Amino acid sequence: MKIVILFDPGAEDWTPEDIRGVMKAVDEIGAIFASMGHEIRKVAVRHDMRWFQVARRADLVFNLCEGVHGKSEWEEHVVGTLEFAGVPTTGASLWTLAACRRKPIANALLQQAGLPIPRWTVAQGKIEDDFPLPAIVKPASEDASAGLDRGSVVSDRKSLRARLAAMTEQFDEVLVQEYIGGRELNVGFVGSRVLPIAEIDYSRMPEGAWPILTYAGKWEIGSADDLGSVPQCPAAIPQKLADRLVRIAELAWRTMQGKGYGRVDLRLDDQGRPWVLEVNPNPDLNDDAGLSRMAKVAGWDYAELVRRIAEVALREAQGAKAARELLAPSRRPRATRTA
């Protein structure tokens with residue numbers, strides 16, 4: 001089988017560490033499929049569209065492209081091009097990526113489905129006087145914790161106005177949302193399969209810091225925010241609560257037409273009630289990332305997680321039998337090529 005692995009080669013301001021982080025998953029996933037005997041091409045996605053000339057001939061595109069030259073808003077365009085051409089592709093659809101990226105749209109859809117969403121508004125000048133505080137202020141159309149730092153949560157009107165002024169200079173649209181201060185829990189999906197629930201433990205955050213997953217906490221390894229936000233899987237929660245979280249997460253996943261793989265992030269309020277924060281399609285797939293940890297607790301090693309993600313995409317495109325046959329290992333390992 002011909003498998004093309006797509007990735008973003010990066011932008012001028014990317015550090016060598018940023019590039020290594022991307023290529024780590026690309027190389028590991030390529031090695032997994034090569035060991036099964038499949039023909040592998042690793043293809044960087046650039047604006048010249050040469051990537052598409054390779055990808056359109058693939059039996060499967062394993063999509064690790066989260067943007068083009070560091071611009072995350074181009075992620076959905078890559079998927080849309082592949083969908084239009086009918087190429088079997090792992091992960092979320094164009095619609096799901098676009099809707100989930102635009103947080104006001106996602107919140108409205110999730111609310112309409114009857115899901116518990118913290119009160120929110122798009123910042124357009126003055127915020128309502130009765131808007132609950134503390135609140136979290138974040139970009140309305142970014143992902144991967146972009147725009148989130150220790151100043152993102154505000155607890156008074158003066159701080160809210162100052163934060164809004166700073167954020168509107170950086171981002172086209174800003175979301176203000178009621179802050180839910182309890183435990184943060186994650187429910188992962190591969191296809192319709194629910195993975196073990198994880199929790200982010202913020203007990204080691206620096207004194208005075210709000211317990212949120214900032215950009216530094218997510219991406220700057222060894223930073224105080226990273227060391228203070230510790231993932232734990234499985235989460236130590238009662239079964240009754242786990243069942244409730246799964247029911248809510250499954251409805252959120254279906255509402256956003258989730259497929260492939262993804263994660264639903266939730267928080268508990270001071271009365272133990274769950275609230276949906278976000279639906280995250282195509283989360284980080286490195287072998288030390290959250291979804292991989294969940295899969296490991298489910299009994300899958302990294303290779304099995306990767307294989308199952310591919311199987312979901314092939315099953316949707318060609319049926320279960322064809323997916324099994326296409327992914328069946330051959331006897332001879334194949335080399336990989338990078339375009």
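Just so it is clear, none of the values below were taken in a lab; they were calculated from the coordinates. All values derive from a computational prediction rather than experimental measurement. Backbone-built Cβ (ideal geometry, glycine too); neighbour counts: all protein chains shown.
When restricted to residues that are surrounded by fewer than 15 Cβ atoms within 10 Å (Cβ to Cβ), charged (D, E, K, R) and not in a helix (DSSP H, G or I), segment 150-188 contains 2. Note on segment 211-281: enclosed strands (runs of 3 or more DSSP E) holding 3 or more residues that are in contact with a Leu (Cβ under 9 Å, 6 or more places away or on another chain) and in contact (Cβ under 8 Å) with a residue 24 or more places away in the chain are 261-268, 274-281.
Once segment 176-203 is narrowed to residues that are over 16 Å from Pro116 (Cα atoms) and hydroxyl-bearing (Ser, Thr, Tyr), the residue that is farthest from the chain's Cα centre (by Cα) is Ser203. Of all residues assigned to segment 284-303, at least one qualifies as being farther than 22 Å from Thr89 by Cα, in contact with a Leu (Cβ under 6 Å, 6 or more places away or on another chain) and part of a loop (DSSP other than H, G, I, E, B).
Of all residues in segment 165-175, those being over 21 Å from the mean Cα position of the chain (by Cα) and not aliphatic (A, V, I, L, M) number 4.
Could you check segment 82-101 and list, in sequence order, the residues that are charged (D, E, K, R) and surrounded by fewer than 18 Cβ atoms within 10 Å (Cβ to Cβ)?
Taking segment 82-101 and keeping what is charged (D, E, K, R), we get 83, 101.
Within segment 82-101, just Glu83 meets the criteria.
Evaluate the following for Leu60: is it within 15 Å of Leu82 (Cα to Cα), of a type in the set (A, V, I, L, M, F, W, C), surrounded by 14 or more Cβ atoms within 10 Å (Cβ to Cβ) and touching a Pro at 6+ places or on another chain (Cβ under 7 Å)? Considered against the rule, which asks whether it is within 15 Å of Leu82 (Cα to Cα), of a type in the set (A, V, I, L, M, F, W, C), surrounded by 14 or more Cβ atoms within 10 Å (Cβ to Cβ) and touching a Pro at 6+ places or on another chain (Cβ under 7 Å), Leu60 comes out as yes.
For segment 193-210, name all the residues that are of a type in the set (Phe, Trp, Tyr) and either in contact with a Gly (Cβ under 8 Å, 6 or more places away or on another chain) or without any contact (Cβ under 8 Å) to a residue 12 or more places away in the chain (or both). Walk me through how you get there before you give the answer.
Taking segment 193-210 first, the residues of a type in the set (Phe, Trp, Tyr) are 202, 210.
Within segment 193-210, Tyr202 is the sole residue that qualifies.
When Arg46 is tested against the conditions (1) assigned to a loop (DSSP other than H, G, I, E, B); (2) under 23 Å from Ser292 (Cβ atoms); (3) free of Cβ contacts under 8 Å to residues at least 60 places away in the same chain, the lone failure is (2). For segment 8-24, the criterion of being in contact (Cβ under 8 Å) with a residue 60 or more places away in the chain, within 19 Å of the chain's Cα centre (by Cα), surrounded by 15 or more Cβ atoms within 10 Å (Cβ to Cβ) and in a helix (DSSP H, G or I) is met by at least one residue.
With Val276, Val264 as the choices, which residue is over 27 Å from Phe62 (Cα atoms) and β-branched (Val, Ile, Thr)? If you could, list the steps in order and put the result at the bottom.
Numbers: Val264 fails: over 27 Å from Phe62 (Cα atoms).
Result: Val276 is the single residue among Val276, Val264 that is over 27 Å from Phe62 (Cα atoms) and β-branched (Val, Ile, Thr).
For segment 247-278, filtered to residues that are farther than 20 Å from Leu305 by Cα and of a type in the set (Val, Ile, Thr), the residue that is surrounded by the most Cβ atoms within 10 Å (Cβ to Cβ) is Val276.
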